[in-house]
Each structure stands twice: as structure tokens, then as C-alpha cells.
Amino acid sequence: MAKVTWLGHAAFSLETEGKTILVDPFLTRNPLALISADKVEADYILITHGHGDHLGDALNIARRTGATIISNAEICDWLAAKGVKVHGQHLGGGFNHPFGYVKLTLALHGSALPDGSNGGNPAGFLITLKENGKKMYFAGDTGLFGDMRLIGEEGIDLAALPIGDNFTMGPADALRAVRLLQPGLVIPIHYNTFPVIRQDASLWAKEVEAETSTKVKVLSPGESIDL
Ligand code: NI
Ligand code: MN
């Protein structure tokens with residue numbers, strides 16, 4: 001069984017096949033994060049796009065742990081120049097990593113890096129776990145787009161979707177995204193971190209469960225589920 005832990009905002013930790021995979025590890029400046037960037041373990045770090053609330057502490061964590069960063073080619077080139085291990089991919093491309101198959105999916109957003117460098121195009125991740133074939137979709141920061149239906153055709157067990165509005169989908173569009181993706185379970189993310197993205201996740205959960213066959217799990221930062 002894989003353990004999936006929400007670290008607040010868009011950050012997750014996955015434990016599978018004896019490896020720890022971090023997604024968008026924004027910890028030090030994240031008011032909701034409970035885990036320190038100095039303590040967290042990592043073998044791989046997945047970065048959806050170049051914005052500071054997703055790149056987060058990735059560079060320092062990779063330097064300390066020796067973890068390999070998986071992201072788009074532009075972000076990987078930028079990080080490799082700073083001396084960390086990277087594996088660059090690009091939209092639509094997948095690769096068999098030791099813990100599972102990782103495919104980069106579309107995201108409608110920006111991706112500039114903190115110093116203004118070109119961070120390529122933003123992405124989401126569709127991960128098929130090696131240990132049990134379960135599929136997880138991390139949407140990244142994105143607006144609603146119709147091709148979520150194509151991603152849903154792959155059969156998603158768990159989706160992490162932004163509901164915060166303002167920078168990403170809000171609750172109404174995230175509900176429409178659930179209809180297109182049809183995941184077994186959805187976790188709302190990217191809300192309440194800052195006042196501008198304050199949302200009622202419990203209310204959203206009720207709406208999704210009333211209108212679709214998808215179950216919703218509203219996690220507290222640091223809380224885990226098994227997949
Ligand atoms: Ni962003
Ligand atoms: Mn963001």
C-alpha cells in the first residue's frame with residue numbers, strides 16, 4: 001500500500017516501494033505546513049511549475065538528500081545548473097521511474113521561475129504506482145480545461161485538485177473537473193493558504209458527493225491516506 005500525505009497547499013509526500021516522493025514541496029514559507037524542509041525525506045521531487053509556492057524548498061531538499069528532481073526540461077535545466085540531480089520530461093511524455101510511471105499532463109497556468117527565468121510550460125502529473133498500478137493525478141495549478149476528460153479516460157484512483165479560485169480553478173470549476181476526470185477519490189488542495197484563496201472545502205465535498213459518484217477526502221495538513 002502507498003501512503004499519500006498532504007503537506008498543505010499543493011505539497012504531498014508519497015511513500016511507495018521504500019521510496020519517498022515529494023510533490024511541490026512548499027514548506028518553509030507555507031503557513032499551513034507542519035513539516036520542516038530540513039527534516040523531510042526525499043528520493044524524488046516532482047515540480048509542477050516554476051512558481052515559488054510549488055518549487056518551494058525543492059532545491060535545498062535536493063541538495064541535502066541527493067533526491068532527483070522530475071519536472072519539465074526548462075525547470076530541470078535551471079536546477080541542474082545549481083548542482084542537483086534532475087530528470088527532465090515534457091508535456092505528454094511519460095517515463096518509468098523506480099517507483100512508477102510518471103506522465104506530464106497539461107495545465108493552464110504560468111511557470112516563470114523566481115528569478116524571472118523561463119520555466120517552460122506548467123504541468124500536472126499522472127503517476128501510475130509500480131507497487132499496485134493505482135493512478136494518481138496531481139493537476140498542478142490550472143484552470144478548467146476540456147481535455148481533463150482524456151486524462152480521466154486513463155482511470156484515476158486519486159486526484160488532487162485546486163479549489164482555491166483566483167490563481168486556479170475555484171470550487172465550481174473544480175466540480176466540473178471532477179465530472180470530466182471521474183476519479184474514485186478527490187482531495188481538494190491549494191486553498192486557505194492565503195486569504196485570497198479562502199474556501200469552504202467541506203461544502204465543496206458535499207456538493208461533489210451529491211452530484212457525482214466521486215468520494216472526497218478533505219485532509220488536514222500532515223494527514224495521510226493509504227492508496
Ligand atoms: Ni502557480
Ligand atoms: Mn500555486
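The values are calculated or read from the model by the stated rules, or taken from the named source; none is laboratory data. What you see is a predicted model; the values in this text were computed from it and never measured. With ideal geometry, Cβ positions are generated from the backbone for all residues, glycine too; neighbour counts draw on all protein chains shown.
Couple of notes before you dig in:
- Here GLU41 does not fit the description of being assigned to a strand (DSSP E or B), more than 12 Å from ligand 2 (Cβ to nearest atom) and surrounded by fewer than 23 Cβ atoms within 10 Å (Cβ to Cβ).
- The stretch 140-173, subset in contact with a helix residue (DSSP H, G or I) (Cβ under 7 Å, 6 or more places away or on another chain) and of a type in the set (A, V, I, L, M), residue nearest to ligand 1 (Cβ to nearest atom): MET169
- Considering GLY88, GLY83, the condition of being in a loop (DSSP other than H, G, I, E, B), at pLDDT 95 or above, more than 14 Å from ALA37 (Cα to Cα) and of a type outside the set (Ser, Thr, Tyr) is satisfied by GLY83 alone.
- Residues (away from ligand 2 (no atom under 16 Å from the Cβ) and surrounded by 22 or more Cβ atoms within 10 Å (Cβ to Cβ)) located in the stretch 64-77: ALA67, ILE69, ILE70, CYS76
- Restricting the stretch 46-63 to residues that are out of contact with any strand residue (DSSP E or B) (no Cβ under 7 Å at 6 or more places or on another chain) and not in a helix (DSSP H, G or I), the residue that is farthest from ligand 2 (Cβ to nearest atom): ASP57
- Members of the stretch 26-38 found to be away from ligand 2 (no atom under 13 Å from the Cβ) and either free of Cβ contacts under 8 Å to residues at least 60 places away in the same chain or not in a loop (DSSP other than H, G, I, E, B) (or both), listed by number: LEU27, THR28, SER36, ALA37, ASP38
- Residue match in the stretch 58-66 (condition: within 15 Å of ligand 1 (Cβ to nearest atom) and under 18 Å from GLY110 (Cβ atoms)): yes
- Residue selection: ASN72 fails the criterion of being closer than 18 Å to GLY222 by Cα and within 15 Å of ligand 1 (Cβ to nearest atom).
- Picking from residues in the stretch 1-25 that are among the aliphatic types (A, V, I, L, M), more than 16 Å from ligand 1 (Cβ to nearest atom) and part of a loop (DSSP other than H, G, I, E, B), the one that is nearest to ALA62 (Cα to Cα) is LEU7.
- Candidates PRO122, PRO188, PRO195, PRO162: the one that is of a type outside the set (Val, Ile, Thr), more than 22 Å from PHE95 (Cα to Cα) and in contact with a His (Cβ under 9 Å, 6 or more places away or on another chain) is PRO162.
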